[in-house]
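The values are calculated or read from the model by the stated rules, or taken from the named source; none is laboratory data. Treat the numbers as computed from the prediction; the structure is a model and nothing was measured. Methodologically, a virtual Cβ is constructed for each residue, glycine included, from the backbone with ideal geometry; neighbour enumeration extends over all protein chains shown. Please note that ligands, DNA and RNA were not included when accessible areas were found on the heavy atoms of the full protein model with its side chains. Shrake-Rupley method; radii C 1.70, N 1.55, O 1.52, S 1.80 Å.
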Amino acid sequence: MAQGDDRWVEVSKSAFAHEADGLAMLRYVVPKASPYRAWTNFEFMDNHGQWHEIDALVLGRRRLHLVELKHYTGLLQGTETSWVRTTLGGKTRTQRSPLLITRRKAQRLATRIEEEARKVAQQAGLNVEKVRRALPFVQESVFLHGSPFKVEMPDLAKSGLFGPDGFEDETGLPGISTRLLEPPTETKRVDEDLSVIIALALKNLGIARRTERDAGSWTITGTPLASGDDWQEWAATHKGTDERGRARVVSFHRGTPVQARAASHRRMQREFSLLSSLRHDAIVAPATWCRTTTATLSLSTRTSPTTSRWTLRWQPAPSPPSSSCGSSPRSPRPSPTRIATTSRIAASVRAPCSSIPTRSIGAIWLSPTFAPD
């Protein structure tokens, strides 16, 4: 499929050469024929108010494929949920399987597509329920296109993972074409009419170019480092000092009442007041906060012995046009009980931050094992 073809929509240009190479492999595989279509490098907002970045979305004859590109080299081992990567230099790293986050993206994109497809059907005078039933399943996949690369995992753990065509023996994975070119079934078949409806639905839901977002003095960039039901973590950079940090963005469902938003802001301010006085080597406490007409921010600038961690909490704010900013007050030394409590929390965790259920411990950040992707 040619890049300029209207069936291949490059929403944003690739910022990285290795990503462009991976997309070029997909372009070569996807036929320039009905009903195939593809959209690359875009963002969408789900019903929870969270933004998600998509590397490639490919419409096939049976399903809609959300493809996450990974340019890994070396050896990959592990399970369905936890990966152990060994680089060509011999270093190892344990991480959560990207397939889990990709599945969440697929589920939330499917919901948005169904909503917009209903509207398209209504406007065109079509049977809305018939269109809804015909919509293809959004299937997640991870395309591991780096070289040299080898996967040594059980077959169940390799489900949903694919490599470049023609390198099956080297990678230990099926070629990506086996997923994208799968044949239709008797009950699931995408024709050109349905292909057009899906294209219009994606246009209407507002898929956008990948962008940077400002939050006060910080710029949020890249892809989410971790996510939950109502929060995401992103890399952040200070506009003035170029200091790098980690941002937690807490979002609201669309239509959340103003009262509920205000209650959430109050809860966040109480959390800031409590955590700003914590002092422990393994805990990064917030140091400043700022609330404007668009966001509430809480920043942490403490440094641990092994790594620097910043915490930025950001929520949409329904407040009237006003601005108030402040710094953490000088608090008295925490009580022995609080010190003991934070010590137990820190001592009980021996896993990377991406695998810690952070919601269970609020905004306490455990930094010694943190390593960005």
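Annotations
- Some residue of the stretch 157-178 being in contact (Cβ under 8 Å) with a residue 12 or more places away in the chain, in contact with a Phe, Trp or Tyr (Cβ under 8 Å, 6 or more places away or on another chain), among the small types (Gly, Ala, Ser) and more than 14 Å from HIS65 (Cα to Cα): yes
- Criterion violated by LEU109 - all others in (1) at negative phi; (2) touching a residue at least 24 places away in the same chain (Cβ under 8 Å); (3) surrounded by 17 or more Cβ atoms within 10 Å (Cβ to Cβ); (4) over 13 Å from the mean Cα position of the chain (by Cα) satisfied: (4)
- Residue, nearest to ARG108 (Cα to Cα), within the stretch 239-260, restricted to residues that are assigned to a loop (DSSP other than H, G, I, E, B) and modelled with pLDDT of 70 or more: PRO257
- In summary, no strands (runs of 3 or more DSSP E) completely within the stretch 1-65 bear 3 or more residues that are over 25 Å from ARG104 (Cβ atoms) and free of Cβ contacts under 8 Å to residues at least 60 places away in the same chain.
- From the options ARG37, ARG96, ARG85, residue that is farther than 28 Å from PRO183 by Cβ, in contact with a helix residue (DSSP H, G or I) (Cβ under 9 Å, 6 or more places away or on another chain) and among the basic types (Lys, Arg): ARG96
- Among the residues making up the stretch 195-228, those that are modelled with pLDDT under 65 and at negative phi are ARG210, THR211, GLU212, ARG213, ASP214, ALA215.
- Every residue from the stretch 139-175 that is among the hydrophobic types (A, V, I, L, M, F, W, C) and open to solvent by 10 Å² or more (accessible area, probe 1.4 Å): PHE149, MET153, LEU156, PHE162, PHE167
- Among (1) hydrophobic (A, V, I, L, M, F, W, C); (2) farther than 29 Å from THR187 by Cβ; (3) in a loop (DSSP other than H, G, I, E, B) - the single one LEU75 does not satisfy: (3)
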